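Colleague: One structure, pasted below without further comment.
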Amino acid sequence: MSEGTPKRRRSTGSRPTMHDVARLAGVSQTTVSFVVNGREEAGISDETKARILDAMRKLGYRPNAVAQALRRGTSNLIGLITDEIITTPYAVEIVKGAQDAAQAAGKLLVVLTVTDEPWSMEQVGGVMVEHRVEGVVLATMFHRGIDVPGVLEDVPVALANCFTTTRPVPIFIPDEFQGGFDAVTHLIHHGHTRIAYLNNVDDIPATRLRLAGYREALRAANIAEDEQLVVRATGSDQAAGYDAAVTLLKEAEGNLPTALFCFNDRMAMGAYAALNEHGLSIPSDMSVVGFDNQVLLSAHLRPGLTTLQLPHYEMGRRSVEELLRETTAPERVLLPCPLVQRDSVATVVRPGVAAGPKGRNVRVKTA
């Protein structure tokens, strides 16, 4: 090429190639390939490596990840397949926990979503297999059973917030029973013995297990259960919580409970509105406990809602950490739902008893 002849340039928008890197660094394409793929046995000097890496940076060159995976037999990719969890403000913590665990191990988390169509899970699972992911976390918006797609038969799998009976895999789910037990026990420790429960109507583990925890806490404290105080709502949102609370107040009129445990925070929000309309103050007239710790809601109610924290972050983190072990343990792990105390629970003051410091009751002398 003569001195005045312009150099040939890559067309605008085209991706830089390994050949471009080699030309800029003044080395062979084979040498660039050795550096890109970490071939230490090639004996390339540090100075040459530095020139190649500098050329890659200047050109914006990125190696083909799929091609690298084929050569190395590993992709450094962890897959996470979810349903509508990606759109929820609190369950997205599963993704954050998984991402943090992957990043700590030098891996990249690839997140794909599925629809309700029966073919969707197989299709998305196939994409993960094509990209040679090292493992896949299957996560759901709420605690439920799922089927692991057959296309993932030869891929390590862990489940977050869901379970399966079709394949022995590590399962990380919330301890719904213990959560219900702890919620009611917290109220009992504040002197409440007449505690109502607004339950969900859906046929899911949380509906059954939180109710079972409620009942066991009453039994453990030798408090007789009153079926009139268990109201099954028509759903699990604010409207359902409002309607269930109104039903409770009508049916228990004259002998109201002093505390209300709600299936979730949204139902508790509806209950707040119903109690307010009936002239009942929270927590002085009625203490309220929710479940989920949907922070954008529970922390901003007035008063702030005492609730149970679903362990979304821990489920995501533990699932990825399990996948990264040399051998995974196909066991079901129940993760605790910690109590988050705010201002919606008060200590019961009985006749002849006044509230003492830190919520303790002290005997009041009477004539």
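The values are calculated or read from the model by the stated rules, or taken from the named source; none is laboratory data. What you see is a predicted model; the values in this text were computed from it and never measured. Here the Cβ is made from the backbone with ideal geometry for all residues, glycine too, and neighbour counts use every protein chain on show. When the accessible area is computed, the model is the full protein with side chains, heavy atoms only, and any ligands, DNA or RNA have been set aside. Shrake-Rupley method; radii C 1.70, N 1.55, O 1.52, S 1.80 Å.
Colleague: Which longest run of the chain has no exposed loop site in it, a site being trypsin sites (Lys or Arg not before Pro) in a DSSP loop with at most 13 other beta carbons within 10 Å, and the site itself not part of the run?
Modeller: Result, exposed sites excluded: 11-324.
Colleague: Further question on the same structure: Considering Cα pairs under 8 angstrom that are at least six residues apart, work out the relative contact order of the stretch 184-244 and quote it in whole percent.
Modeller: 40
Colleague: Amide H of L109: which non-local residues (sequence gap of 5 or more, or other chain) have their own amide H closer than 5 Å, using H built in the peptide plane?
Modeller: I78
Colleague: Would you look at the GNM of the chain, springs on alpha carbons closer than 10 Å, and say which of D175, D20, D265 moves the most?
Modeller: With Cα springs under 10 Å in the chain, the top fluctuation among D175, D20, D265 is at D20.
Colleague: Could you give the dipole magnitude of the chain about its Cα centre, charging the beta-carbon of Lys and Arg +1 and that of Asp and Glu -1, in debye to the nearest 20?
Modeller: 1400
Colleague: Specify the angular offset, from 0 to 90 degrees and rounded to the nearest 10, of the alpha carbon long axis of helix 176-189 from the longest principal axis of the alpha carbons in the chain.
Modeller: 40
Colleague: Then there is this: Counting DSSP beta bridges in the chain, what percent are antiparallel, to the nearest 5?
Modeller: Counting only bridges with both partners in the chain, antiparallel ones make up about 10 percent.
Colleague: So which GluC sites (Glu not before Pro) in the stretch 121-154 end up in coil per DSSP with only 11 or fewer other C-beta atoms within 10 Å?
Modeller: Here the sparse-neighbourhood loop sites are E153.
Colleague: For n ≥ 4 DSSP H runs only, could you compute -39500 (n - 2.57) per run for the chain, divide by its residues and tell me the 222 nm figure to the nearest 500?
Modeller: Calculated at 222 nm, the ellipticity per residue is -11000 deg cm²/dmol.
Colleague: Please identify the GluC sites (Glu not before Pro) of the stretch 167-262 that satisfy two criteria: DSSP loop assignment and at most 16 other Cβ atoms within 10 Å. Which are they?
Modeller: E225, E253
Colleague: Helix 120-130 versus the longest principal axis of the chain: what angle, 0 to 90°, nearest 10, using Cα atoms?
Modeller: The two axes meet at around 40 degrees.
Colleague: Could you report the accessible area of F177 in Å², rounded to 10, computed with a 1.4 Å probe on the protein chains as they sit in the structure?
Modeller: 70
Colleague: Which of I171, G279, A139 sits closest to the plus end of the dipole of the stretch 134-284, meaning its Cα is farthest towards the positive end, when Lys and Arg get +1 and Asp and Glu get -1 on the C-beta?
Modeller: Result: G279.
Colleague: Kindly express, to the nearest 10 degrees and within the range 0 to 90, the angle between helix 93-104's C-alpha long axis and the longest C-alpha principal axis of the chain.
Modeller: 40
Colleague: Quick check: the distance between the Cα centres of the stretch 186-222 and the stretch 101-118, to the nearest angstrom?
Modeller: Here the answer is 35 Å between Cα centres.
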